[in-house]
Every structure is written in C-alpha cells, then in structure tokens.
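Here is the structure we will look at, set down as structure tokens.
Read-outs: derived from the displayed coordinates by stated rules, not from any lab. A quick note: this is a predicted structure, and the numbers were derived from the prediction, not measured. We place every Cβ from the backbone using ideal geometry, glycine too, and count neighbours over all the protein chains shown.
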Amino acid sequence: MSEPFAKETDGFMARHFDRKVSGAISRLLLKTPVTPNQITIAVTLVGVVSGVCLAQPGYGPKVWGAFLFLLTSILDGCDGEVARARKMTSRLGGWLDLWGDNIVHVAVFYSLGMGLYKDTWNALHLYLGQTAALGTIISASIASYQTYRKARRHPSPHPSPQGRGSEGEGSSLFTSVVGDAARARSVWQARLVRWSDALARRDFIYVIPVLALIGHLEWFLWACAIGVNIYALVLVVLLRATPE
C-alpha cells in the first residue's frame, strides 16, 4: 500500500493529513495479524474513552478528551485501508464501521454536555448534548437504511474495493450517504446532497482541541446540536424524495 486511501468526501485536512497518518499506521498494521474488524473495535473504544474524559469536570480531562477524539478521527481510516490491502472487505465490516463511528459521536456529544454541566451547572449544556446525540442516532439510522436500500437495489456477491463492505466505506455521520449530486433528479436535490456533504466534512474536528485549550468547548456543542440535526433533516428530506 504505497499511498493512503482517500475518499471523494474527504475534506482538506482528512485528505492531506489524516490519510497520510492513517496510511503509515496501516502499513505497520499489515505486518501484524490484527484484523480490520479488530481495528474498528479498538478505535471505537478509544472514542468512547474520549467521551469518558469529556464527561469529567475540569479543564484537563476535556483537553485529553478532545485530543483523543481527534486521534479517533485520524485512526478511523485504518480499518478500511487494511481491509482493502488484504482483500478482507465485508458487509459486516461496513456495518461495524458505520455504527462504531456513530457510537463514538453519541458518546462524545452526550458526555461533553454532561461535562460542561458539571463545570457550570447550566442545564442547557445537558440538553444540547442530548439533542446532538439524538440527531446522531437519527442520522445513523437513516444511513443504515440508505445503505440497505443501495445493497438491495444493486446486489453484489463481492464487496466493493471502495469500502469496508459492498455498501461503501463508512456511512457514518461524517460520511456522504445520500449519493452523487450529479445523479440527483432535480436542482434542489443536488443542492441538498452538496450541503449534506459539506455538513459531513471531518475537518471541523481539528477545531475541537483548540476550543478545549481555550476553554470554549460549549461552542462546539452548540454547533453539533444544530448541525447534526440539520444534517438529519436533510437526510430525511432526501430519503422521502428518493424512490425505492
């Protein structure tokens, strides 16, 4: 594997930094017996630990949690890279990747709301965390259904080389699951697809450690509570507009 694998939906930092780091780590992992699904589970556990840190009161734990969340995002590409290099892509791997990502997002959003509540005793932070977590669950459920529909419309006996499974790599919260804008049936549908892809970029994750260092993670929580639910609404609209 001479080059890190990139996706069309990768943002600038994901393409030019994340993929280079994850690609280097994946080359090392290829020398071990570790499987892609084991990598997915390990990265998910790191993300859950980041949520545990963010749920703690005080400045230090939140800084640690923010950097662990960033690390989770960087390592997220390793499972798919190893799977494709070893020709071990599978539908199960795709589902593990999808739900692993979103378990991390739910843990981080909910835990951050709890941690900020412990710092300020402002119940609004709890509500924001719960709202962001709920929007994530809705988005992940729609993503699951979308990938199921795609697999049913285009059944393939072999997994696609473009992703963990035949449905494509990681239909997570921060991955395009609504399709190609060029194939949209109308102008407004194409715009919604492009907006959803913009909302799904991972580059914003690099802001989180900065906000943790300056003590303003509540800005991130507000953005997530609003952005995640706008994203879920866009997915609902596109789902209803897409024929079976």
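Farthest toward the positive end of the dipole of region 56-152, out of GLN130, THR89, PRO61, is the Cα of THR89, where the dipole comes from beta carbon charges about the Cα centre.
Shape analysis of region 28-135 places it in the prolate category; the axes a ≥ b ≥ c from the Cα gyration tensor give an a/c of at least 1.5, with a/b above b/c.
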